[in-house]
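K.L.:
Just dropping this structure here.
The values are calculated or read from the model by the stated rules, or taken from the named source; none is laboratory data. The model shown is predicted, which means the values in this text are computed figures rather than measured ones. Please note: Cβ atoms are built from the backbone with ideal geometry, for glycine as well, and neighbour counts cover all protein chains shown.
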Amino acid sequence: PGPGAPQGDPADLRLWDVRKTFPGGAVAVESVDLRFPAGELTALLGPSGCGKTTLLRMIAGLESPSFGRIELGGEDITDLPAHKRRFGMVFQNFALFPHLTVAENVAYSLAIEGVAKPKRRARAEELLDLVQLPGYGARRIGELSGGQRQRVAIARALAQEPSVFLLDEPMSALDAKLREEMQVELRLLQQRLGITTVVVTHDQREAMTMADRIVVMSNGRAEQVGPPQEVYQRPANRFVAGFIGKANFLSGTADRGEVLLATGARLSVAPAANFRDGAPVQVACRPEWTFLASEPGANTLAGRVAFVRDIGQVREIHVETPAGPQVCELPFSSPARPRLGDAVHLFLPPELIRVFPAQDRAEAA
Ligand code: ATP
């Protein structure tokens, strides 16, 4: 750790300048510095190929970093083999042993360690209670539903009372409804145990449901780290703004603390964006923060309704403007019901507009 490094809980999991290049030259992780606070659930979130699985595997000890250092509780574990870390792991496909019973699966690591049978049986029962599968010990894996299998995989991962719990796309084998239930269940269990947890997911809703903090990744880098609401409300760059939630983007240039659009319209933005005059910028505003105005005025864009979509809890109004297409999201209770072809004005509240450099690093890569 260099001078000025932020101090955290001594039991934190830390990554210092961790990088991974595979033989052949594929750079999976560029240079990542991260702190996983003790007792918290951190989600590694990003599109396919961004390096999140590789990062998790390095934390697990299943892959060794090409560079950098991994610490747990201040201790260097970079070169510690996976089995000595004793971290709990749940994989995408659960990787259960079909020829063993549920209890044997759960107590598998304890059997390897030579724990006596009665003790293993008691521990398996306790863990099956914990994951709400009491009395399932004698069943075969083949007799279980997807959600039950996932619970068994979780119980098995927790058998050795790991200090760190790692999950790679744990919900991907489950259908949508069950996935949502298991997200809540897993989050409650994690909070009850207070176990330091890292979950890999490409699903922003899943990350927002479960995580204390989200690490948004792209191209082998951590683009932003923060609590779900912060990442959503104050995206650090264009990539994050577009990946978490929806966003309307507008191109323009910085001009005396405002943004001058190519159409000649001006947008005031607050807090005053810190760009030199003439710098190309991208403006992002979320559809739910884009409002219908009854008349033209400051920070409005004129346009025509190109499409209306009523999807239950919200009504999406797609508007074609000279500055490009914009989407405005109205709550289902809104009395406004613009129709196809109507002339409308969109109001973009200065305090809810984000301004980014025209080209992010993530985009440029
Ligand atoms: P997904 O969600 O699709 O699993 P991911 O974000 O988990 O993606 P990784 O699996 O970590 O991404 O892969 C990151 C990059 O590293 C990809 O470009 C991938 O092709 C490459 N990569 C991963 N594993 C290897 C390997 N064993 N050998 C070579 N390249 C690899």
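K.L.:
How many of the residues in the stretch 226-266 are β-branched (Val, Ile, Thr), in a strand (DSSP E or B) and buried (at least 18 other Cβ atoms within 10 Å of the Cβ)?
P.N.:
1
K.L.:
Still on this structure, I have one more. Against the condition under 19 Å from residue 165 (Cα atoms) and in contact with a helix residue (DSSP H, G or I) (Cβ under 9 Å, 6 or more places away or on another chain), how does residue 184 come out, does it pass?
P.N.:
Yes.
K.L.:
Right, something else. Mind listing just one residue for me: the one in the stretch 197-215 that is more than 16 Å from the ligand (Cβ to nearest atom) and in contact with a Leu (Cβ under 6 Å, 6 or more places away or on another chain) and, of those, nearest to residue 165 (Cα to Cα)?
P.N.:
Checked the stretch 197-215; the qualifying residue nearest to residue 165 (Cα to Cα) is 197.
K.L.:
Residue 321: buried (at least 17 other Cβ atoms within 10 Å of the Cβ), farther than 28 Å from residue 229 by Cα, hydroxyl-bearing (Ser, Thr, Tyr) and at pLDDT 90 or above, yes or no?
P.N.:
When the stated conditions are applied, residue 321 passes them.
K.L.:
Within the group 230, 258, which residue is away from the ligand (no atom under 16 Å from the Cβ) and assigned by TED's automatic domain parsing to the domain that holds residue 67?
P.N.:
None of the other options fit; the residue is 230.
K.L.:
Moving on. Consider residue 90 carefully, then state whether it is surrounded by 17 or more Cβ atoms within 10 Å (Cβ to Cβ) and either modelled with pLDDT under 95 or outside the structural domain of residue 145 (by TED's automatic domain parsing) (or both).
P.N.:
So residue 90 passes the test.
K.L.:
Okay, moving on. Only residues that are assigned to a loop (DSSP other than H, G, I, E, B), touching a residue at least 24 places away in the same chain (Cβ under 8 Å), on the phi < 0 side of the Ramachandran plot and more than 8 Å from the ligand (Cβ to nearest atom): list them for the stretch 35-62, please.
P.N.:
37, 38, 40
K.L.:
Continuing with this model, one more query. Can you pull out every residue in the stretch 107-160 that is buried (at least 16 other Cβ atoms within 10 Å of the Cβ), over 28 Å from the mean Cα position of the chain (by Cα), part of a helix (DSSP H, G or I) and in contact (Cβ under 8 Å) with a residue 40 or more places away in the chain?
P.N.:
Passing the criteria: 108, 109, 110, 141.
K.L.:
Also: Restricting to the stretch 199-220, give me the number of residues that are assigned to a loop (DSSP other than H, G, I, E, B) and touching a Lys or Arg at 6+ places or on another chain (Cβ under 9 Å).
P.N.:
Total meeting the criteria: 5.
K.L.:
Just to be sure before I move on: is residue 178 modelled with pLDDT under 95, over 27 Å from residue 73 (Cβ atoms) and either outside any strand (DSSP E or B) or within 16 Å of the ligand (Cβ to nearest atom) (or both) in the structure I sent?
P.N.:
Taking the combined requirement at face value, the residue satisfies it.
K.L.:
Give 68, 73, 49 a once-over and let me know the one that is surrounded by fewer than 17 Cβ atoms within 10 Å (Cβ to Cβ), farther than 19 Å from residue 38 by Cβ and in the same structural domain as residue 19 (by TED's automatic domain parsing).
P.N.:
Among 68, 73, 49, only 49 is surrounded by fewer than 17 Cβ atoms within 10 Å (Cβ to Cβ), farther than 19 Å from residue 38 by Cβ and in the same structural domain as residue 19 (by TED's automatic domain parsing).
K.L.:
If a residue must be closer than 20 Å to residue 51 by Cβ and of a type in the set (Ser, Thr, Tyr), how many such residues does the stretch 186-244 contain?
P.N.:
Within the stretch 186-244, residues that are closer than 20 Å to residue 51 by Cβ and of a type in the set (Ser, Thr, Tyr) number 3.
K.L.:
Pick from 27, 32, 18: which is among the hydrophobic types (A, V, I, L, M, F, W, C) and within 11 Å of the ligand (Cβ to nearest atom)?
P.N.:
27
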